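Notes for the one structure printed next.
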Amino acid sequence: MEQREVPAHEPAHEPWTGETGDGQRVVSQRKEQAGEAPHLSVVVPVYNEEESLQTLYTRLTEALEPLGFPYEMVVVDDGSKDRSFELLKGLALADPRLRVIRFRRNFGQTAAFSAGFDRARGQVIITIDADLQNDPADIPRLLEKIEAGYDVVSGWRKQRQDPFWSRRLPSIFANRLISVMTSIHLHDYGCSLKAYRAEVLKNIQLYGDLHRFIPAIASWQGIEVAEIPVNHEPRRFGSSKYGLGRTIRVIIDLLTVRFLLSYATRPMQIFGLFGLVSMAMGIGISFYLASLKALSGEELADRPLLLLGVLLIMLGAQFISLGLIGELVVRTYFETQKKPTYVVREAVNSGEEL
């Protein structure tokens with residue numbers, strides 16, 4: 001990636017060359033950059049990764065320093081049981097551009113990403129795993145796409161270095177299902193190496209295990225999404241924190257995402273539709289049975305169809321009631337917190353600050 005031309009309102013920085021003598025130049029530059037609002041934030045969730053942290057820090061620094069603008073690394077220790085936090089604390093004391101947050105217990109990767117996003121100050125936010133399978137050298141290529149006008153750039157582990165049956169095959173199935181359900185077509189939703197414009201993440205709240213669906217959740221804002229192949233390396237230390245059970249959780253979370261994308265602000269349209277269809281079928285069955293009774297005098301008490309008709313009418317009424325309750329909840333959520341149901345990309349002479 002060619003070095004970015006620094007606008008007039010941003011102070012220029014000479015990239016570190018490594019010729020430091022007693023190290024004073026490095027410390028001076030790091031303090032100088034730490035005092036500025038960073039252009040780039042790198043968010044790294046960590047859980048029991050003590051063997052990889054020093055190498056990760058070194059490789060991130062080597063990839064970020066030549067870019068020529070201020071950056072920060074926001075590392076979230078997700079309740080590690082090993083020496084991860086002690087190592088991160090030592091690195092942070094030596095480099096103020098490294099910020100470390102420690103959870104009291106393991107809350108999960110989604111919570112770690114959310115904590116990192118809340119504290120990231122950069123205009124662009126990069127996410128990357130701490131297990132060294134993602135390559136920090138790919139970060140400049142992600143930034144190139146962001147500078148080309150995209151809002152989200154997702155990495156694609158085209159040559160993925162994971163076991164086929166336990167990791168890659170379930171991932172292929174899950175990625176295709178997510179693409180069909182969300183209409184955001186990516187080859188690799190599970191790759192943590194992604195780049196986001198900060199304003200995209202500002203309007204997203206993450207719960208459960210929804211971090212892999214961020215591009216899909218953000219799609220309601222009308223974002224531009226790109227995907228580029230990135231390097232993927234075999235895992236050097238420890239073992240993966242995920243197994244086949246993750247596929248089941250992905251499918252369950254996908255139902256949540258699909259509902260949020262389509263009906264989060266209009267629940268009556270989905271529940272009301274089910275209710276009307278169910279009630280119409282129940283009433284149709286009831287009229288049919290009533291006509292049989294009136295015209296031919298047939299007994300209806302021992303016919304299962306009568307019970308089905310009554311059940312469908314009751315279900316229809318419950319679905320409609322659920323839709324009305326959902327409408328009240330949605331209005332309470334948006335109106336009490338004054339949350340808009342739209343996102344403004346830019347405005348001209350509008351008198352508002354975006």
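Just so you know, all these numbers are worked out from the coordinates, no wet-lab data involved. This structure is a prediction, so every number in the text was calculated from the model and none was measured. We place every Cβ from the backbone using ideal geometry, glycine too, and count neighbours over all the protein chains shown.
Tabulated data for the structure shown
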read-out	value
Computed Rg/Rh of region 24-263, alpha carbon atoms with Kirkwood Rh	0.95
Cα centre as origin, Lys/Arg/Asp/Glu Cβ charges: region 267-336 dipole, Debye	60 debye
Inter-label distance, nm, simple model (7 Å from Cα along the C-beta direction), GLU233/GLU298	7.4 nm
Relative packing of 55-63, 292-300, 279-287, which averages over residues the other C-beta atoms within 10 Å, highest first	55-63, 279-287, 292-300
LEU328 versus LYS158: modelled label distance in nm, points set 7 Å from Cα along the beta carbon direction	5.4 nm
Viscosity 0.890 mPa s, 25 °C: Kirkwood-radius Stokes-Einstein D of region 87-224 over Cα pairs, µm²/s	151 µm²/s
Residues VAL180 and ARG119, FRET efficiency given R0 of 41 Å [Cβ-Cβ distance, rounded to 0.05]	0.75
Contact order normalised by residue count of region 78-212, Cα under 8 Å, 6+ apart, percent	32 percent
Computed E for ALA137/ILE283 - FRET, C-beta separation, R0 56 angstrom, nearest 0.05	0.30
Packing-based ranking, highest mean first, of 47-53, 96-102, 219-225 given that Cβ atoms within 10 Å are counted	47-53, 96-102, 219-225
Which listed pairs, of LYS145/LYS338; LYS145/LYS202; LYS81/LYS145; LYS89/LYS145, have C-alpha distances above 30 Å, in listed order	LYS145/LYS338; LYS81/LYS145; LYS89/LYS145
Percent RCO, i.e. relative contact order, over region 24-263, from Cα pairs under 8 Å lying at least 6 residues apart	23 percent
Full-extension gain in nm, ASN203 to PHE274, via 0.36 nm per residue minus C-alpha separation	22.5 nm
